[in-house]
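These notes concern the structure reproduced below.
Every number here is computed from the coordinates shown, using simple stated rules; none is lab data. Only a predicted model underlies this, so the values are computations on that prediction, with no experimental measurement involved. Cβ placement follows ideal geometry from the backbone for every residue including glycine, while neighbour counts extend to all protein chains displayed.
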Amino acid sequence: MESDRGWKELFLIEVNRLGWAFGEREWKALETYWEALIRANREVNLTSITDREEGFWKHFYDSLAVAVWPGLPESGRIIDVGTGAGFPGLVLRVVRPGYQLVLLDALQKRIRFLREVCRKLEMPDVEVCHGRAEEFGRMKGRREFFDVAVARAVARLPVLAEYLLPFVRPGGWAVAWKGPEVEEEVREAEGAVRKLGGTVEGVFRYALPGDRGRRSLVVLRKTAPTPPEYPRRPGVPEKRPLG
Ligand code: SAM
């Protein structure tokens, strides 16, 4: 697009600097994604960011910033819990076509958009699921099945740990996209993470280019099976976070 001329090059440089081999094919996919998002956003609330350049940095670059964590596997099973309009999971699938991706969200109208955009992106193998993490995390074939569970802007870490860790196979990871100040949240979540069979692997920090803000990724490692009582019933993790 003509109006992208000023920043497209910088975006490509910055994404490649993160470590992705990101070229025209990937750019075109993100353009298709953005156009579908903005069109659907007129009717369904999917994003508050409607400026194209801001969207590319704050949604797409931010999703791809997971590369600051050196442990991200090259392939495998990945679930994005509370994916909303597909962030970060669907963006990662653009750069890692080998991922077997499941997108999960509790809101039906977002699911409809996700199915539509997967069709436009020609990704028929992406599984789009309507439901709550507390229910899916108990299902056979979902529980302890994934190499990586990811979530961005879904819940505070003690709650999120209960959503994510049940999905992860022992030896796998849960990754939470967070703002700049996470120390207290991580401290608050330590008990919950332990009870769910995990440990805090580390916090990885990054900045969105152009002074668009600092962010953190919190990576949890699954070290033991999650006890059968978790996740608790829908709504309970949020109402009474594990301590
Ligand atoms: N991850 C997206 C992003 O970064 O833009 C969406 C964030 S949005 C603020 C939070 C999403 O999480 C919503 O779409 C909501 O429906 C979903 N959500 C919240 N709690 C959930 C749960 N327990 N199970 C499944 N989805 C949930």
Query - Distant alpha-carbon pairs in the range 2-239 (separation over 33 angstrom), percent - result: 13 percent
Query - Gain in span if fully extended, LYS109 to MET139, counting 0.36 nm per residue against the direct Cα distance - result: 8.5 nm
**Report entry** Given charges at beta-carbon only (K, R positive; D, E negative), |dipole| of the chain in Debye
**Finding:** 760 debye
**Report entry** Debye log10 I(q)/I(0) for the range 22-84, one point scatterer per Cα, at q = 0.14, 0.25, 0.26 Å⁻¹
**Finding:** -0.51, -1.25, -1.28
Query raised in the report: What are the extents of the Cα atoms of the range 132-243 along their three principal axes, listed from largest to smallest and rounded to whole Å?
Result: 44, 28, 22
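Of the beta bridges DSSP finds with both residues in the range 68-223, what % are antiparallel, to the nearest 5?
Values: 16 of 35 bridges.
Taking every DSSP beta bridge with both residues in the range 68-223, the antiparallel ones total about 45 percent.
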Report task. Using the number of other C-beta atoms within 10 angstrom as an exposure proxy, rank HIS130, HIS59 with the fewest first. Result -> HIS130, HIS59
Query raised in the report: For helix 5-18, what angle does its Cα long axis make with the longest principal axis of the chain, in degrees from 0 to 90 and rounded to 10?
Result: 40 degrees
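Given +1 on the Cβ of Lys and Arg, -1 on the Cβ of Asp and Glu, and no further charges, what dipole in debye does the range 55-179 carry about its Cα centre, rounded to the nearest 20? Please report the intermediate quantities before stating the final value.
Details: 19 positive and 13 negative charges, 56 e Å.
Rounded to the nearest 20 debye, it is 260 debye.
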Query raised in the report: Looking at PHE204, GLY82, VAL175, which one has the Cα that reaches farthest to the positive end of the dipole of the range 59-212 (charges on Cβ: Lys, Arg +1; Asp, Glu -1)?
Result: GLY82
Report task. Rank GLU183, GLU127, GLU135 by mean-square fluctuation in a GNM of the chain with C-alpha springs under 10 angstrom and give only the top-ranked residue. Result -> GLU183
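Which of VAL219, VAL91 comes first, and how do the rest follow, when ranked by fewest Cβ neighbours within 10 Å?
Values: VAL219 18, VAL91 22.
Sorted ascending by nearby Cβ count, the order is VAL219, VAL91.
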Report task. On a C-alpha basis, how far is the centre of the range 77-107 from the centre of the range 18-51 in Å? Whole number, if you could? Result -> 14 Å
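Quote to one decimal, in nm, the extra length available between VAL236 and ARG205 on full extension: 0.36 nm per residue of separation minus the C-alpha distance between them. Can you show the working numbers first?
Values: separation 31, 0.36 × 31 = 11.16 nm, distance 3.04 nm.
Working it through step by step, the gained length comes to 8.1 nm.
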Requested in this report: Going by C-beta contacts inside 10 Å, put SER216, SER3 in order with the fewest on the left.
Outcome: SER3, SER216
